[in-house]
Structure formats: structure tokens, C-alpha cells
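The values are calculated or read from the model by the stated rules, or taken from the named source; none is laboratory data. All of these numbers come straight from a predicted model, not from anything done at the bench. Here Cβ is always computed from backbone atoms with ideal geometry, including for glycine, and neighbour counts include all displayed protein chains.
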Amino acid sequence: MKILSLYAQSNSLKFSLYEMKDEELIVDGEFERIGLDASFYTIRLDGEKIVQEIEINSLDDTIDILIDKLISLDVIKSVDDIAGIGHRVIQGRDKFTESVIVNDDVLAKLDEIDESTPINSPTNSLVIKKCRESMPLIPNVVVFDTAFNQTMDEETYLYPVPYKWYKEYGVRKFGFHGTSHRCNANTMKDIYGREDFRLISCHIGNTGSVAAIKDMKCVDTSMGFTDVSGIMMGTKSGDIDPSIIPYVMEKEGKNIGEILNDLNKNSGLLGLSEYSSDMRDINAKCDEGDEKALLARKKYVRRVVDYIAQYYVLLGGADALVFSAGVGENSVPVRREICEKLACLGVKIDLDKNNITREQVKISTEDSSIDVYVLHVDEQLLIARDTLNIIKNR
Ligand code: ADP
């Protein structure tokens with residue numbers, strides 16, 4: 001059974017086609033700069049990478065081009081070879097607590113969310129509608145980044161602001177990366193053979209969040225109403241004092257949109273290092289002794305540790321600490337520095353075991369108070385898995 005996973009953003013579409021019998025990735029790639037000049041696609045198939053500039057006017061067109069490509073590359077004979085399509089949707093607000101099969105009611109709710117949510121763009125609904133129209137026999141499933149976080153209680157998801165903001169405008173913490181944190185919890189369940197454990201899950205990549213999980217349920221998570229909050233990220237600031245915003249608006253003569261752009265795209269590692277948002281570049285500069293890179297990494301580590309410490313207290317201790325995503329899976333010095341700061345909680349790691357990248361491994365020592373693991377999360381595969389489960393159990 002082949003499942004197609006899609007992740008649409010305003011100017012790009014990421015796709016992965018899996019053979020679900022053995023969860024083998026057949027082909028994947030991205031369409032970028034959709035609706036802009038010099039749009040192009042990248043397709044990775046059989047160890048080869050095809051990059052081609054092509055006019056792509058809209059996300060609608062992209063779906064047609066993708067299906068044509070899959071057929072012309074002989075990956076599928078026709079759309080009938082695709083058993084289901086899974087869509088990653090960032091925002092499900094409090095309307096969705098789990099992945100769902102798409103029907104008219106779900107689409108109506110997605111439209112409502114698109115209208116009322118600043119972080120979301122209607123791109124996902126557009127792609128889902130297009131898939132339903134052009135491939136009416138193929139079921140579509142939506143997998144929400146927010147669904148796993150819906151178990152947070154009121155005390156956690158409310159901000160200490162006028163209650164009316166929540167009641168009338170829906171201002172609350174949603175948290176994102178829920179699918180990845182859920183996957184980390186499931187992997188730890190397989191490792192422990194039980195569900196009653198306390199987990200602090202650090203999904204740290206270009207974006208990132210830390211989640212507190214107890215008995216397989218999300219208790220708290222670092223991202224909030226939107227994904228700019230929480231820990232420091234590649235280009236996002238994470239939590240800051242809101243009064244900074246009008247102050248810098250005045251200093252730089254910028255409007256609110258421009259300041260939000262700075263907080264989302266020019267902050268984090270990039271902002272502090274004035275060099276790069278990529279931890280690989282920052283690590284390389286740190287090795288040369290570059291002071292700004294060292295400061296940026298220190299601050300990054302500090303913000304992750306702040307959340308781990310907060311969640312350690314919230315959970316009343318922790319059984320496991322997990323690192324995943326680009327930085328978590330690959331950055332040996334970041335993991336080491338985070339764990340060094342947790343030594344006061346009894347965390348101990350084996351430096352040789354920590355010296356790995358892209359592998360599932362326990363890096364803590366036997367006498368560590370908390371088990372520390374590096375886990376690999378493939379978000380596109382998680383979407384395909386949910387899609388398969390839902391269409392099988394229909
Ligand atoms: P996202 O899904 O949020 O876009 P990823 O999980 O793909 O991000 O992570 C990408 C980031 O991971 C890069 O921007 C970089 O900072 C970091 N990264 C990837 N490989 C390495 C590496 N070998 N060493 C250190 N950091 C890495």
C-alpha cells in the first residue's frame with residue numbers, strides 16, 4: 001500500500017511517497033517558490049536528485065505536476081496506486097484532538113480555523129480540496145501539529161491576560177510539533193514496555209519545542225499561541241518581553257508586521273550570531289573560538305535547559321529525556337552542554353555514546369538519574385502511518 005504525505009506551506013510543498021508494507025520511502029522532494037519567479041522542484045529517487053526549474057503558478061498546479069511526475073518517473077502507474085494521502089496541518093486549534101479522515105464537516109472546520117488563526121494559512125485546505133477534486137476515490141487524512149497537545153489543562157493553556165482574550169478571541173497556548181512529541185512518547189513506550197513514565201521530549205531542529213509528557217499525555221509544551229514562542233530557535237526568538245515590540249518599532253520606524261518578521265526570521269541563532277541560523281555553521285565557528293557563535297550556542301542551550309528544568313519540576317521528576325530533530329539528533333556539543341547543565345539533577349551521559357549522529361541510542365550512563373536518548377523522528381513517515389491506520393480502520 002502506497003501512502004503520500006504532503007506538507008504545504010505558502011510557497012512550498014514537501015512530499016514523500018512510502019510503501020507502507022515495510023515503511024520504505026520510495027520518492028520524496030519539494031516544490032519551492034510556488035507562485036513566485038524561478039520556481040523549481042527537487043525530487044529524490046533511487047539515490048538520485050533531480051532539480052528542475054519549472055513554472056508553478058499555484059499550489060493547485062503543484063498537485064497536478066506532482067502526480068504527472070510520479071507517473072512519468074514510473075513510480076506509480078496511475079493515481080489508483082496511491083491508497084491514501086496524509087496532510088500535515090499545523091493548526092487544529094481545540095477542534096481536533098487526533099488525526100481525522102477528511103469529509104465536508106472537517107473541511108468546514110479547517111476553513112473556520114484558517115479564518116481565525118494568525119499562524120495558519122489556508123494553504124493546507126487548498127491542497128486538500130484539490131486532492132479531493134482531482135482524485136475523488138483516494139481518502140485524505142489530516143494530521144495536526146496541535147492535536148497531541150490538547151491534553152494540556154486550563155491552568156497550562158491559559159495566559160495570565162484578560163480572560164476575555166481567551167473567551168472571545170481564543171487566545172491560548174496550542175503548542176506545535178505534537179506529532180513528533182507523540183512519536184517520541186511512543187518510542188519510549190516501546191523501549192520501557194509500559195505507559196506510566198515521565199518524559200521530557202526535546203524536538204529541536206530549525207524550529208523546536210520541549211514538551212512535558214506523563215502517562216503518554218502532553219502536560220505542557222514550550223510553544224504557545226504561535227510557533228515563535230518557547231525556546232530560542234534557528235531564526236525565531238522564542239519567549240521575549242512583549243514591551244520590546246513597541247520599543248523597537250519606534251526606534252527602527254517599523255510596523256508590527258516587520259517586527260514580527262524580525263522575531264520569526266532574523267532572531268534566534270541567526271540574530272545573536274549575526275552569522276547563521278544553522279547549528280552546523282555555529283558549531284564550526286565555535287570550534288574556531290568565535291565569540292558571537294559561542295554566545296549564541298550558550299543562549300540556545302540555556303533556553304532548552306530552562307524548559308527542561310521547569311518541566312522536571314512540573315512532572316515531579318523525569319524518567320527519560322529525549323533529543324530529536326536536526327539539532328537534537330546531530331549536534332554532539334549541544335547535547336553535551338545541555339546534559340552538563342543538568343548534572344545537578346543527577347543526569348550523566350557517556351561522552352563516547354553521545355558522539356553519534358542520526359542513530360537511535362541511549363547516551364546516559366547506567367547511574368544517571370534520568371535515561372537520556374537520541375531518537376530519530378521522520379515527520380513525513382508519521383503522517384503516512386496515521387493515514388494508513390485511519391484508512392484501514394474506516
Ligand atoms: P525543521 O524541521 O524545524 O525545519 P530540522 O529538524 O530539519 O528542522 O533541523 C534542521 C536543523 O538541524 C538545521 O538548521 C541545523 O541547525 C540542524 N542540523 C542538521 N544537521 C546538523 C548537524 N550535523 N550538526 C548540527 N546541527 C545540525
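Of all positions in region 291-306, none carries a residue that is within 23 Å of Thr179 (Cα to Cα), touching a residue at least 60 places away in the same chain (Cβ under 8 Å), surrounded by 19 or more Cβ atoms within 10 Å (Cβ to Cβ) and more than 16 Å from the ligand (Cβ to nearest atom).
Hey, which of the helices (runs of 4 or more DSSP H) in region 38-137, taking only ones fully inside, have at least 2 residues that are among the hydroxyl-bearing types (Ser, Thr, Tyr) and surrounded by 13 or more Cβ atoms within 10 Å (Cβ to Cβ)?
Numbers: elements: 59-72, 104-116, 123-134.
The helices (runs of 4 or more DSSP H) meeting that bar are 123-134.
May I ask you to verify whether Cys218 is assigned to a helix (DSSP H, G or I), in contact with a strand residue (DSSP E or B) (Cβ under 8 Å, 6 or more places away or on another chain) and buried (at least 22 other Cβ atoms within 10 Å of the Cβ)? Working first, answer last.
Values: assigned to a helix (DSSP H, G or I): no; in contact with a strand residue (DSSP E or B) (Cβ under 8 Å, 6 or more places away or on another chain): yes; buried (at least 22 other Cβ atoms within 10 Å of the Cβ): yes.
Against the criterion (assigned to a helix (DSSP H, G or I), in contact with a strand residue (DSSP E or B) (Cβ under 8 Å, 6 or more places away or on another chain) and buried (at least 22 other Cβ atoms within 10 Å of the Cβ)), Cys218 does not qualify.
Would you mind stating whether Thr357 is surrounded by fewer than 18 Cβ atoms within 10 Å (Cβ to Cβ) and in contact (Cβ under 8 Å) with a residue 24 or more places away in the chain?
Numbers: surrounded by fewer than 18 Cβ atoms within 10 Å (Cβ to Cβ): yes; in contact (Cβ under 8 Å) with a residue 24 or more places away in the chain: yes.
Yes; evaluated as a whole, the condition is true for this residue.
Do we have Thr226 as in contact (Cβ under 8 Å) with a residue 12 or more places away in the chain and within 14 Å of the ligand (Cβ to nearest atom) here? Talk me through it step by step, then tell me what you get.
On the way: in contact (Cβ under 8 Å) with a residue 12 or more places away in the chain: yes; within 14 Å of the ligand (Cβ to nearest atom): no.
In short, no.
Contact map, region 331-354: first residue of a type in the set (S, T, N, Q), second residue surrounded by fewer than 17 Cβ atoms within 10 Å (Cβ to Cβ), Cβ cut-off under 7 Å, separation 6 or more or different chains; pairs are Asn354/Val332; Asn354/Arg336.
Against the definition (modelled with pLDDT of 95 or more, more than 14 Å from the ligand (Cβ to nearest atom), in contact with a Ser or Thr (Cβ under 8 Å, 6 or more places away or on another chain) and part of a helix (DSSP H, G or I)), how does Lys285 come out, yes or no?
Numbers: modelled with pLDDT of 95 or more: yes; more than 14 Å from the ligand (Cβ to nearest atom): no; in contact with a Ser or Thr (Cβ under 8 Å, 6 or more places away or on another chain): yes; part of a helix (DSSP H, G or I): yes.
Answer is no for this residue.
Every condition in (1) over 23 Å from the mean Cα position of the chain (by Cα); (2) over 26 Å from Leu388 (Cα atoms) is met by Glu32 except one, and the failing one is (1).
For region 196-223, filtering for residues that are away from the ligand (no atom under 13 Å from the Cβ) and not acidic (Asp, Glu) leaves 16. Every test in (1) modelled with pLDDT of 95 or more; (2) of a type in the set (S, T, N, Q); (3) closer than 26 Å to His87 by Cα is passed by Asn393 save one, and that test is (1). Could you please find all residues in region 265-281 being over 22 Å from Pro242 (Cβ atoms), within 15 Å of the ligand (Cβ to nearest atom) and out of contact with any Phe, Trp or Tyr (no Cβ under 7 Å at 6 or more places or on another chain)? Residues satisfying the conditions are Ser273, Tyr275, Ser276, Ser277, Asp278, Met279, Arg280.
Screening Ser277 on (1) within 28 Å of Ile213 (Cβ to Cβ); (2) without any contact (Cβ under 8 Å) to a residue 60 or more places away in the chain; (3) not in a helix (DSSP H, G or I) shows it passes everything except condition (2). Selection of region 138-182 for residues being touching a residue at least 60 places away in the same chain (Cβ under 8 Å), surrounded by fewer than 18 Cβ atoms within 10 Å (Cβ to Cβ) and aromatic (Phe, Trp, Tyr) yields only Tyr159. Within region 309-318, not a single residue is under 17 Å from Ile204 (Cα atoms), more than 16 Å from the ligand (Cβ to nearest atom) and among the β-branched types (Val, Ile, Thr). Of the residues making up region 280-290, just one is touching a residue at least 24 places away in the same chain (Cβ under 8 Å) and over 18 Å from Thr207 (Cα atoms), namely Cys286. Scan region 323-334 and tell me whether some residue there is away from the ligand (no atom under 16 Å from the Cβ), surrounded by fewer than 22 Cβ atoms within 10 Å (Cβ to Cβ) and assigned to a helix (DSSP H, G or I). The answer is no; no qualifying residue exists.
The residues of region 229-264 that are away from the ligand (no atom under 16 Å from the Cβ), in a loop (DSSP other than H, G, I, E, B) and either surrounded by 13 or more Cβ atoms within 10 Å (Cβ to Cβ) or in contact (Cβ under 8 Å) with a residue 24 or more places away in the chain (or both), listed by number, are Asp239, Ile240, Lys254. Only one of the listed residues (Val304, Val313) is touching a strand residue (DSSP E or B) at 6+ places or on another chain (Cβ under 8 Å) and among the hydrophobic types (A, V, I, L, M, F, W, C). That residue is Val304.
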